[in-house]
Amino acid sequence: MSILEDFTQAAGESGRSLATLVVEALKLRASPTRLGLSEYIDFKLYLDDLTFSEKASFGGLRTQGLLEEILIDDYSKFLSLDKVTMYALLRGHGIPIPEVRAIYRSSRPDSVRSIGSAEELEEYLKSPGCLPVYIKRAFGAYGRGNLLVQRIDGNNVILGNGAAEPIADFCRSLDEGRTLGWILQQPLTSHPEICALTESEKVSGLRIHSFLSGGSTTITKAIFKINVGVKDSDNFEHGASGNLLGAVDVATGKVSRVIAGTGLKQTTNSAHPRTGRDIVGFQIPYWGDLLALVENAQKAFPGFICPGWDIALCKDGPKVLEVNFFGDIDLSQHAYRVGFLDESFLSLMRERHLDGLLYTGPRRSARSRVNHRLGIRQHHWPW
């Protein structure tokens, strides 16, 4: 469908004229956030339930790129990009994480079992007690390539989605030559209350946004990533996965709003498609423990001023799946229907004297005496 067809359909849905929508979208495109025309449709900003000022607080890829330049210490990025390093740091600080059982195709310290070839991996998977196992790239994002190996059936591996694949072919398919390799880790099962909500043991985790300011951590947004049971990952994938997003009230830990899909196909406050249960009002288990966990874990990553945490809620408590040095802003905007650059976020930026960089871009060539941002290396010494 073309962008003109999208706008025409949006005009019909909203009851507003096509010309009105185009003018409004162009104004947002020319605004400081430089919101794209397709992003205007994706966030359903053609509806008239928000003021123009509220719509102007929504950001797309351009805004996210600028925020990443401002809020991420370049020296710290590898702590998130390489999950083996990330897990080692979290484990060293006593932060609960999934057990890392082995690493495939990457040399690591002797504390982690190293598997070097497809033949060795096949032998490992056939070993008693090794399955089920969750496999993901040490260097990767958006859950791409993540999969659960449930069991061996003859010469086939049975994956979490029920698919069967010859074990030799499966092992060779991971042999990509990536230097950081693959992580084989303990599969996690959701908390029993989440399992009952989704009728699945697959993880439905949370994306938590925190902000480091003045030595303290503020939790700004919490998004419940609700697995519908089709995929091993709870990733939203811009609505393509079929998974749902829930906005969580940070004060109470209760889900306040739920969406499925994006743009013209987005639906709101749908029941879970598998169980028919209402999700709005659902109380996230271990909410107080989860907030305390993020506030403590944030101290291990002072170079990430506004990270995005992926947390699994298990029977024995919350566990950190990973920390993203920033995290996509679209998840919270879809879930809450509130722009990422709302007043609460801007006030935190002002506390760190970073708001002046928002629409002028980072200062790459000189030291700012106010915010201590140093030169082209984009680090934040001192914090």
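The values are calculated or read from the model by the stated rules, or taken from the named source; none is laboratory data. As the structure is a computational prediction, the values presented were derived from the model and not from experiment. Cβ placement follows ideal geometry from the backbone for every residue including glycine, while neighbour counts extend to all protein chains displayed. Note: accessible area is taken over every heavy atom of the protein model, side chains too, but ligands, DNA and RNA are not part of it. Shrake-Rupley method; radii C 1.70, N 1.55, O 1.52, S 1.80 Å.
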Output ordering of 58-68, 114-124 (per-residue mean of other Cβ within 10 Å, highest first) is 58-68, 114-124
If the chain between Asn161 and Lys77 were fully extended at 0.36 nm per residue, the gain over the current Cα-Cα distance would be 27.0 nm
In whole percent, the fraction of accessible protein surface over region 84-203 that belongs to carbon or sulfur atoms, probe radius 1.4 Å, stands at 46
Given a Förster distance of 25 Å, the FRET efficiency implied by the Cβ-Cβ spacing of His353 and Lys299, rounded to the nearest 0.05, works out to 0.70
In nm, the gap between the two label points placed 7 Å beyond Cα toward Cβ at Glu68 and Glu99 is 3.5
Beyond 20 Å, the calculated P(r) of region 254-323 holds a percent of Cα-Cα pairs equal to 48
Ordering 346-354, 49-57 by per-residue average of other C-beta atoms within 10 angstrom, highest first, gives 346-354, 49-57
Among Ala163, Gly129, Ser111, the residue whose Cα sits farthest towards the positive end of the charge dipole of region 103-239 (+1 at Cβ of Lys and Arg, -1 at Cβ of Asp and Glu, taken about the Cα centre) is Ser111
Summing -39500 (n - 2.57) over every DSSP H run of at least 4 residues in the chain and dividing by its residue count gives a helix-only mean residue ellipticity at 222 nm, to the nearest 500 deg cm²/dmol, of -8000 deg cm²/dmol
Phi-derived 3J(HN,Hα) across region 314-330 with the Karplus relation (6.51, -1.76, 1.60, θ = phi - 60°), rounded Hz, x for Gly and Pro, is 10, 4, 9, x, x, 9, 7, 7, 5, 10, 8, 5, 9, x, 4, 7, 6
Karplus ³J(HN,Hα) for region 145-153 (6.51 cos²θ - 1.76 cosθ + 1.60, θ = phi - 60°; Hz, whole; x = Gly/Pro) runs x, 5, 7, 10, 9, 7, 6, 9, 10
In the chain, taking the dipole from +1 charges on Lys and Arg beta carbons and -1 charges on Asp and Glu beta carbons about the Cα centre, the listed residue (Ala196, Thr252, Val323) farthest towards the positive end is Val323
Looks like region 1-119, by Cα gyration tensor root eigenvalues a ≥ b ≥ c and the a/c under 1.5 rounded cutoff (else prolate when a/b is bigger than b/c, oblate otherwise), is prolate
Amide H neighbours of Ile226 at under 5 Å, excluding residues fewer than 5 places away on the same chain, with H built from the backbone geometry, are Leu244, Leu245, Gly246
Subtracting the Cα-Cα distance of Arg16 and Ala168 from 0.36 nm times their residue separation yields 49.0 nm
One checks the Cα atoms of region 211-304 and finds Rg and Dmax, in Å, of 15.1, 44
Among the Cα-Cα pairs of the chain, the proportion with separation greater than 35 Å, in percent, is 31
Packing-ranked peptide list from 167-175, 204-212, highest mean Cβ count within 10 angstrom first, is 204-212, 167-175
Sorted by chain and number, the residues with a modelled amide H under 5 Å from that of Ser256, at a separation of 5 or more or across chains, are Ala247, Val248, Asp249, Gly281
Once Ala271 and Lys126 are pulled to full extension, the length gained, defined as 0.36 nm per residue separation minus their Cα-Cα distance, is 48.2 nm
